[in-house]
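Working notes, structure below.
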Amino acid sequence: MASSLCRQAAKSCARRSSVLKSLRAAPAAVQHRQISDDSPSFALNIFRGDINTSEVFPYPQVLTEEQNEETRMLVDPTTKFFEEVNDAAHNDEVAEVPADIMKGLAELGAFGLQVPNEHGGLGLTNTQYARLTEIVGAHDLGVGIQIGAHQSIGFKGILLVGTEEQKAKYLPKLASGEWVAAFCLTEPSSGSDANSIRTRAVPSEDGSHYILNGSKIWISNGSIAEVMTVFAQTPVRDEKTGQMVDKVSAFIVQRSFGGVTSGAPEKKMGIKASNTSEVYYDNVKIPKENLLGEYGKGFKVAMHILNNGRFGMGAALTGSMKKMIAQATQFATDRTQFKAKIHTFGAIQEKLARMSAACYATESIAYMLSSNMDRGVTEFQVEAAIGKVFASESAWMVADEAIQIHGGMGFMKETGLERIVRDLRIFRIFEGTNEILRLLIALTGCQFAGASLKKQAKAMGKLDIGAIADFTSKQLLWSTPSGSAISEAVHPELKFAASQAEQCIPAFGAAITSFLQEHGKSAVDQQFALKHYADCAIDIYGMVASLARCTRALEAGIPSASHEKVMAEFIATENAARVMQTLKSMKSIAQTDNYQRMSLLASQMVENGGYIAEHPLGF
Ligand code: MYA
């Protein structure tokens, strides 16, 4: 019996790992991402137990006085528009963004926030864009997705890798809102496994264009977009084998090319105002000059766009959280039960404090990321993934607790929270599911640490540098403590909180080293463990971003500084304890046994079609 259970668990493992088959198939010990060995990325360095504070301390402040002023001038009319003109409940009800709202948004310049002035946009930086997106997120996530899908990913590729001709041709009409854009990657058989798309484009015989065939699903703006960034397989000659193989290329496709049709708008749980539909391509003739980026390098273009867009989600959800926190705080202030205001009860205080701390950490991460992008940091994909995962889960928690604080009232439509909950649910799914992004965080970090291990081994004269599993732990455990870089960088009042972060980082680095030693090439298959390591990285990054921001607040003596200090201390204490606890439990046999139990339970369920236990009544 026992061995048959083990066999079942093994089968389920094999099935599960096929989800990331391409990651596993990589030749390196852990999937390689093109990241330099000496990357200053804080998030990457913690995977080898190192503290590199250059991108986190001092908390980046990139806007010039002039840009600050320019942003302020945009905040007021945008807020006014969303408070006085746009009606989120109505948009949700009619499941569209009405034409007058689209027009009003266009007048505000909301379709071309980051399009350079010379192409008719507002030419905003990432940080300025984040600040405005926050307002949209606070008021109407449905509208937010419509304009976010347009510029955060829809035409972002043209901004990032487009030629001057492509920019000149497309950006003015996209910035004015005359044309709406969409990002067309996902297909019926290709969701998380983005490289497996089947839509295909082949060069025409005379080389003047490509012929595109295939279909996409769940495309935001799918039925209203005139311009689409479409990803398709294209035939490429493999340099090594000389064989023709399929590789993804990216194209700018216009509906007016002909052969482009869309399905009916999807009926969704939330973000109903935004348009989502299938898009079909039937022998669409794409002029050769509409290739976006290099031929056969479209997968990288897709990743580049997604990495670049993720900070917007953190900013938008910060806005949503602030709005819900204000509403829940007001309710807790007004509501009397048991002859006391409910905000005086510890059970409610804990909720309010946790909601606010989650918002603070999300905001700290979002603006740290946007600012780093603005000052030219290029290796931020792990930070971007951390920001997206943390923002979407924090906002979900905040929405849930806001409803709980409202009690029965929170369940009523008129309170407005149910719409936000429906709207928020998708944020943990799209732009990379949080599960895929956790793997991306952990595997990219492990690859970074693994490369250092190889280097160390080489320096020590080991011949078999590829076999991390051969390394002895004493040789390679990080011998130098990570130091006191965070304590030295924070405001003196935050030294204790900083020491908690410092304690986590070498422990985390050591755990990653042992993990790589133990699993070697199969580390990539250890999804239970990888998820926990990603959680640790998210916790560490969140606490350090909060400490850095709070340091700036204390140094500047801003009015909220002492309140922020309490929050930063709370976040550091909680996150550090959670990281240490996670690392401790991961070492325990009980935990590894539980990984096996979960694997076994899942495989049995799959074989039996769901829940298996017999009913307590026996029928
Ligand atoms: S759009 C759809 C979103 N879809 C996804 O995000 C797909 C998720 N899947 C993936 O990202 C990839 O398939 C994964 C890798 C990560 C699983 N940065 O062999 P590989 C490089 C840089 O690992 P795979 C939507 O939902 C890698 O180094 N590079 O690939 C919109 C390697 O390079 P090399 C990366 O196993 C909804 C190569 O690629 C990255 O096949 C609307 C191959 O790598 C990376 N991240 O897959 C939202 N990953 O060969 C609206 C891989 O050189 C938003 N690589 O070593 C609006 C929001 C704004 C806000 C507003 C609201 C109010």
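Rolling a 1.4 Å probe across all protein chains gives M244 an accessible area of roughly 110 Å². Across q = 0.14 Å⁻¹, region 65-176 modelled as identical point scatterers on its alpha-carbon atoms has Debye log10 I(q)/I(0) values of -0.55, in the order of the q list. Taking θ as phi - 60° and the Karplus parameters 6.51, -1.76 and 1.60, the scalar couplings of region 348-359 work out to 7, 4, 4, 5, 4, 5, 5, 4, 5, 5, 5, 5 Hz in sequence order, x denoting glycine and proline. Rounded to the nearest 20 debye, the dipole magnitude of the chain is 1800 debye, with +1 charges on Lys and Arg beta carbons, -1 on Asp and Glu beta carbons, and the Cα centre as origin.
Under the convention that each Lys and Arg Cβ holds +1 and each Asp and Glu Cβ holds -1, the size of the dipole of region 65-176 around its Cα centre is about 480 debye. With each label modelled as a point 7 angstrom along the Cα→C-beta vector, the K247-S36 pair spans 2.4 nm. Separation of region 350-408 from region 95-125 is 25 Å, based on Cα centroids. Using +1 at the Cβ of each Lys and Arg and -1 at the Cβ of each Asp and Glu in the chain, identify which of V382, L547, A489 lies farthest towards the dipole's positive end. The residue sitting farthest along the positive end of the dipole is V382.
Across every pair of non-identical alpha carbons in region 162-225, the mean reciprocal distance, once inverted, gives a Kirkwood radius of 13.9 Å. Annotation for region 422-458 versus region 211-252: alpha-carbon center distance of 25 Å. Across region 121-134, computed HN-Hα scalar couplings (Karplus, 6.51 cos²θ - 1.76 cosθ + 1.60, θ = phi - 60°) run x, 7, x, 7, 7, 4, 5, 5, 4, 4, 4, 6, 4, 4 Hz from first to last residue, x flagging Gly and Pro. S484 exposes around 50 Å² of accessible area when a 1.4 Å probe is run over every protein chain in place.
Ranked by the mean number of other Cβ atoms within 10 Å per residue, highest first, peptides 63-71, 191-199, 505-513 order as 505-513, 191-199, 63-71.
Note on surface exposure: W179, W218, W396 rank W218, W396, W179 by accessible area, highest first, 1.4 Å probe.
Sort out for me the Cα centre separation of region 255-312 from region 545-606, rounded to whole Å. Taking the Cα centre of region 545-606 as reference, the centre of region 255-312 is 36 Å away.
Please state the shape class of the chain: rounded when a/c is under 1.5, otherwise prolate if a/b exceeds b/c and oblate if not, all from the C-alpha gyration tensor. Rounded. What a 1.4 Å probe finds exposed on the chain is 56% carbon and sulfur by accessible area, rounded to a whole percent. In the chain, helices alone account for a calculated mean residue ellipticity at 222 nm of -18000 deg cm²/dmol, with every DSSP H run of four or more residues adding -39,500 (n - 2.57). Structural descriptor for the chain: relative contact order 18 percent, calculated from alpha carbon pairs under 8 angstrom and at least 6 residues apart.
Translational diffusion coefficient of region 213-263 (Stokes-Einstein, Kirkwood radius from Cα pairs, 37 °C, 0.692 mPa s): 259 µm²/s. Measuring from a point 7 Å past the Cα of T163 along Cα-to-C-beta, which residues in region 301-321 have an amide N at less than 18 Å? Backbone N within reach: 301. The listed peptides 231-242, 128-139, ordered by packing as a protection proxy, come out as 128-139, 231-242 (highest mean of other Cβ atoms within 10 Å first).
Below 9 angstrom from the Cβ of N91, what's the summed charge of the other residues (Lys, Arg +1; Asp, Glu -1)? Net charge in that neighbourhood comes out at -4. FRET efficiency for D87 and T261, Cβ-Cβ distance as r, R0 = 25 Å, nearest 0.05? In this case the efficiency is close to 0.20. Put a plus charge on the Cβ of each Lys and Arg, a minus charge on the Cβ of each Asp and Glu, and nothing anywhere else: the dipole of region 310-432 about its Cα centre is then about 360 debye.
The values are calculated or read from the model by the stated rules, or taken from the named source; none is laboratory data. Small disclaimer: the values here were computed from a predicted structure and weren't measured. Don't worry about glycine lacking a Cβ; one is built from the backbone with ideal geometry, like all the others, and counts go over all protein chains shown. Ligands, DNA and RNA are excluded from the accessible area calculation, which covers all protein heavy atoms including side chains. Shrake-Rupley method; radii C 1.70, N 1.55, O 1.52, S 1.80 Å.
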